[in-house]
Amino acid sequence: MKQEEGDWIKLHEQSASDIITAHNWFRSLSGIADNTGFDTKRILNEYEVAMNTVISEMQKFILEPIVAIYKRFGRDISKMQFIN
């Protein structure tokens, strides 16, 4: 029984790691601990990269139709933004 539980835990850890890798995301931003420990410089650096490459584009994609809908009703929310 113990051997099977150990295999399940390893499988779970591996699948979580594979999901992060498959989505090309940053391990330090995923909330899953790794062997490198807590490195604030790495986290801040990877956050900046993620903001500039993925997050800001997705936020823009989400906001554009909302702004357009409000504009049809005479409301200007062009300054609306996400607070990260």
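Quick notes
- Residues being aromatic (Phe, Trp, Tyr) and in contact with a helix residue (DSSP H, G or I) (Cβ under 8 Å, 6 or more places away or on another chain) - total across segment 26-84: 3
- Residue check, residue 52 polar (S, T, N, Q), open to solvent by 100 Å² or more (accessible area, probe 1.4 Å), assigned to a helix (DSSP H, G or I) and at pLDDT below 95: yes
- Taken as a whole, the condition of being open to solvent by less than 80 Å² (accessible area, probe 1.4 Å), more than 29 Å from residue 81 (Cβ to Cβ) and at pLDDT 80 or above does not apply to residue 34.
- Among residues of segment 56-84 that are touching a residue at least 12 places away in the same chain (Cβ under 8 Å), those with a beta-carbon under 6 Å from a residue that is open to solvent by 70 Å² or more (accessible area, probe 1.4 Å) at least six positions away or on a different chain give the pairs 59/82; 67/78.
- The residues on offer are 60, 71, 79, and the sole one that is basic (Lys, Arg) and either under 28 Å from residue 25 (Cα atoms) or open to solvent by less than 80 Å² (accessible area, probe 1.4 Å) (or both) is 60.
The values are calculated or read from the model by the stated rules, or taken from the named source; none is laboratory data. None of the values given here were measured: they were computed from a predicted structure. Cβ coordinates were reconstructed from backbone atoms using ideal geometry, including for glycine residues, and neighbour counts include every protein chain displayed. The protein model used for the area step is the full one, side chains on, heavy atoms only, and it has no ligands, DNA or RNA in it. Shrake-Rupley method; radii C 1.70, N 1.55, O 1.52, S 1.80 Å.
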